[in-house]
Amino acid sequence: MPATSVDTKGITVSREKDFSEWFTQLIQKAELIEYSPVSGCYILRPNAYHIWEKVQQYFDGLIKKDGVKNAYFPLFIPESLLSKEEAHVQGFAPEVAWVEKGGHTALGERLAVRPTSETIICDTYAKWIRSYKDLPLRLNQWCNVVRWEFKHCTPFLRSREFLWQEGHTAFATKKEAEDEMYRILDFYEKVFVDLYAVPVMKGRKSEGEKFAGAEITTSVEAFLSNGKAIQGATSHHLGQNFAKAFGIQFKDQNQKDQYAYQNSWGISTRSIGVMILMHSDDKGLVLPPKVALTQVVIVPILFDDSKDKVLKEVAILAAKLEKKGVAVHLDNRVEYSPGWKFNEWEMKGIPIRIEIGPKDLEKKQAMVVRRDTGVKLAVPLGSLEKEIPALLEKIQQEMYLKASKLLQEGVVKVATTKDAEKQLALGKLVFAPWCGSIKCEEQFKEKTGAKSLNAPFDQPKMKGESCFYCSEKATSWFYFGKSY
Ligand code: 86X
C-alpha cells in the first residue's frame, strides 16, 4: 500500500529534538532536493527551483527599474587575474576549484572556476571605463559559483556549487556608490519580507566580519527559532580598492585622472534555506504563498456512489480559481486515500488545502485548511473564488507577523558580557553597545560561540555607554548571536 511506502512517510524526528536531521529529511521528502554523486552538490528539484525563479523575477525587476543591466561573464578565470587583488584572494584560496587540463593536455595557465566575479569583471571594466561619461556602469549576472568547501555541506545553506546573482557597479563618486549599496540592501530586504515572509535585521558588518576587499559591508540577517542567526544577503562598498588593483581609471570633467568607486552585491540560493528554516514545522515544509509553485491543492473525497458529481464540482472550482490567478493543483488520484494525500501536501508545504466530499456538496460548502496554522473552516462554494485569493494574502502576512514576533522576542538588550552570555544560553540574540575592536569580538566568540551580526543603521542614541565586553567607550550598538 502506498500509505506505508518509505519515501512519503512523515519526518521521523522533531525540529526541536534534532534540527539538522529534521532539515535533511524535510528537503528530500518535500521534493526540494535530490542528492547527486558529487558530495556538496545538490539537485534543485522543480519545487525548489520555482522559488529561485520567483526571487529572480522579483529582484531582477527591482534592479532593472533602478537602472542595472544584466550581462554574462565567463565561468573560468585565469589564475593571474584571480591573484591580482591581495585582500580578495587572502583566506579564500583554499576554496578555489581549478581546471588544469583540457582533455589530456595541461593548460598553459590554470583556470579558476569562478568563486565570485570581481576580478574578471574589473579586468573588463578597466577597458570600458575611460571618461566620467562612461559612468555609472552597473551590471548584474545570474549564474552559478563554486567554492570547494571542506566543512560539512548542507543543501541550500552550504554547498560547493550554488546559484546567485552578483551585481558589480562602478561610479565616479563615493556618494553615488554608497547610496547604491544601501538601495540594493533595501531590495534584499524586500525579497525577504515580500516574498519569503522573513523579517531581517539590516545593518553594517563589523571590521572583522566584513569582506576583506570592501570598505563597508552591509547585510540582512534573519533569526531562527533555534536561537541562531543566518546571513541572507550582502551589499558591499569596495571604495577604490579594486579600481586601484585593476586600473579602473577615468578622466573627470577637469580632465583629471580618477579611480572609480565600486560596489558588489549578492543573494544566493542559500536564502531559500533561510526561508525553509524560518517557517517549517514537524509536519514538513511551510511555504509562503508568494513563492509556492502550488498555492492551493483540492482533494476530493471520493465514494463510489457520488464520485462523478464530486469530480465534476472540483474541476469547475479548479478552473474558477485558476482564472483568478491562483496556482491550483487538483489531486484526483484514486490510488491514495484522502488522509494520505493530506499528509503529502502538508509535507510539501502547500499553503491551502480544499477538501470537498458529498456531504460538503449537500451543504454547498468546502472545507478550507491553512497549512501555516492548521486552522480549518467551512466556506460556501460560491465564496471560494473571492475567499481563497484573500486567504492567500492573509497567510502571507500572518507568516510574516509570526516571524516578526519571534525576532522581536528573540532580541535582548544587554550591557555586560555576563548578561550577554546568559541571554545567548537562553537562545536569544543580544543587542549590545560595543567598542568595535576585533579583539573583543574574537574573545567573545571564543567564550560563547557568538559573533557580531551587524549594526543597524538607525542606532539608539549613544549616551556614553561602555563596551559590553571591555568597558572601553562603545562606538555603536551591534547584534551578536550564534550563527550559521
Ligand atoms: C567575497 C564578495 C561579493 C559579489 C559578495 O559578497 C556578493 C557578490 N562578491 C564575495 N568572497 C570572495 O571574494 C571570494 C573569493 C575567492 Cl577567490 C573565493 F575562493 C571565495 C570567495 N568567497 C567570498
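The values are calculated or read from the model by the stated rules, or taken from the named source; none is laboratory data. None of these values were measured; they are calculated from a predicted model. Cβ placement follows ideal geometry from the backbone for every residue including glycine, while neighbour counts extend to all protein chains displayed.
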- Query: Does residue 185 satisfy the condition of being at pLDDT 95 or above and either buried (at least 21 other Cβ atoms within 10 Å of the Cβ) or within 15 Å of the chain's Cα centre (by Cα) (or both)?
  - Reply: yes
- Message: For segment 340-354, give me each residue that is surrounded by fewer than 19 Cβ atoms within 10 Å (Cβ to Cβ) and in contact with a helix residue (DSSP H, G or I) (Cβ under 8 Å, 6 or more places away or on another chain).
- Response: 340, 343
- Task: Mind listing just one residue for me: the one in segment 87-132 that is without any contact (Cβ under 8 Å) to a residue 12 or more places away in the chain and in contact with a strand residue (DSSP E or B) (Cβ under 9 Å, 6 or more places away or on another chain) and, of those, nearest to residue 147 (Cα to Cα)?
- Result: 100
- Task: Can you tell me which residue among 420, 403, 390 is part of a helix (DSSP H, G or I), touching a Pro at 6+ places or on another chain (Cβ under 6 Å) and of a type outside the set (Val, Ile, Thr)?
- Result: 403
- Message: Among (1) within 16 Å of the ligand (Cβ to nearest atom); (2) out of contact with any helix residue (DSSP H, G or I) (no Cβ under 9 Å at 6 or more places or on another chain); (3) closer than 16 Å to residue 125 by Cβ, there is one condition residue 181 misses while meeting the rest; what is its number?
- Response: (3)
- Considering only residues that are of a type in the set (Ser, Thr, Tyr) and touching a residue at least 40 places away in the same chain (Cβ under 8 Å), look in segment 194-233 and name the one that is farthest from the ligand (Cβ to nearest atom). 225
- Task: Scan segment 356-365 and give yes if some residue there is at pLDDT 95 or above and surrounded by 20 or more Cβ atoms within 10 Å (Cβ to Cβ), otherwise no.
- Result: yes
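What are the residues in segment 34-51 that are part of a strand (DSSP E or B) and closer than 20 Å to residue 143 by Cβ, if any?
Result: 42, 43, 44.
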- Note on the structure: Considering segment 284-338, residues that are farther than 30 Å from residue 57 by Cα and of a type in the set (Val, Ile, Thr), and then whichever is nearest to the chain's Cα centre (by Cα), we arrive at 299
- Subset of segment 149-163 (residues that are touching a residue at least 12 places away in the same chain (Cβ under 8 Å), part of a loop (DSSP other than H, G, I, E, B) and under 17 Å from residue 37 (Cα atoms)): 149, 150, 153, 155, 156, 159, 160
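Which count do you get for residues in segment 144-194 that are small (Gly, Ala, Ser) and touching a Leu at 6+ places or on another chain (Cβ under 7 Å)?
Matching residues across segment 144-194 total 2.
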- Taking into account only those residues within segment 83-100 that are within 8 Å of the ligand (Cβ to nearest atom) and aliphatic (A, V, I, L, M), which is surrounded by the fewest Cβ atoms within 10 Å (Cβ to Cβ)? 93
- Task: Determine which single condition residue 35 fails, assuming it passes every other condition in (1) touching a Leu at 6+ places or on another chain (Cβ under 9 Å); (2) under 30 Å from residue 346 (Cα atoms); (3) away from the ligand (no atom under 16 Å from the Cβ).
- Result: (1)
- Item | Candidate set: segment 245-275, residues that are of a type in the set (Lys, Arg) and more than 16 Å from the ligand (Cβ to nearest atom); chosen: the one farthest from residue 183 (Cα to Cα) | 256
- Message: Looking at the structure I just gave you, is residue 190 free of Cβ contacts under 8 Å to residues at least 40 places away in the same chain, of a type in the set (Lys, Arg), assigned to a helix (DSSP H, G or I) and more than 16 Å from the ligand (Cβ to nearest atom)?
- Response: no
- Query: From the list 147, 114, 138, which one is at pLDDT 95 or above, of a type in the set (D, E, K, R) and more than 23 Å from residue 270 (Cα to Cα)?
  - Reply: 138
- Message: Anything in segment 110-131 that is within 16 Å of the ligand (Cβ to nearest atom) and exposed (fewer than 12 other Cβ atoms within 10 Å of the Cβ)? List them, or say none.
- Response: none
- When you go through (1) in contact (Cβ under 8 Å) with a residue 24 or more places away in the chain; (2) under 29 Å from the mean Cα position of the chain (by Cα); (3) assigned to a helix (DSSP H, G or I) one by one for residue 436, which number turns out not to apply? (3)
- In segment 133-173, the residues that are within 13 Å of the ligand (Cβ to nearest atom), surrounded by 17 or more Cβ atoms within 10 Å (Cβ to Cβ) and farther than 21 Å from residue 188 by Cα: 146, 147, 160, 161
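Residues to consider are 476, 471, 383, 452; find the one that is farther than 18 Å from residue 225 by Cα, of a type in the set (Gly, Ala, Ser), surrounded by 15 or more Cβ atoms within 10 Å (Cβ to Cβ) and without any contact (Cβ under 8 Å) to a residue 60 or more places away in the chain. Lay out the reasoning, then the answer.
Details: 471 fails: surrounded by 15 or more Cβ atoms within 10 Å (Cβ to Cβ); 383 fails: surrounded by 15 or more Cβ atoms within 10 Å (Cβ to Cβ); 452 fails: without any contact (Cβ under 8 Å) to a residue 60 or more places away in the chain.
Unique residue meeting the criteria: 476.
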- Hand me the list of strands (runs of 3 or more DSSP E) wholly inside segment 219-317 holding 2 or more residues that are at pLDDT 95 or above and aliphatic (A, V, I, L, M). 229-239, 296-300
- Query: What number of residues within segment 292-344 are out of contact with any Ser or Thr (no Cβ under 8 Å at 6 or more places or on another chain), closer than 22 Å to residue 48 by Cα and of a type in the set (A, V, I, L, M)?
  - Reply: 7
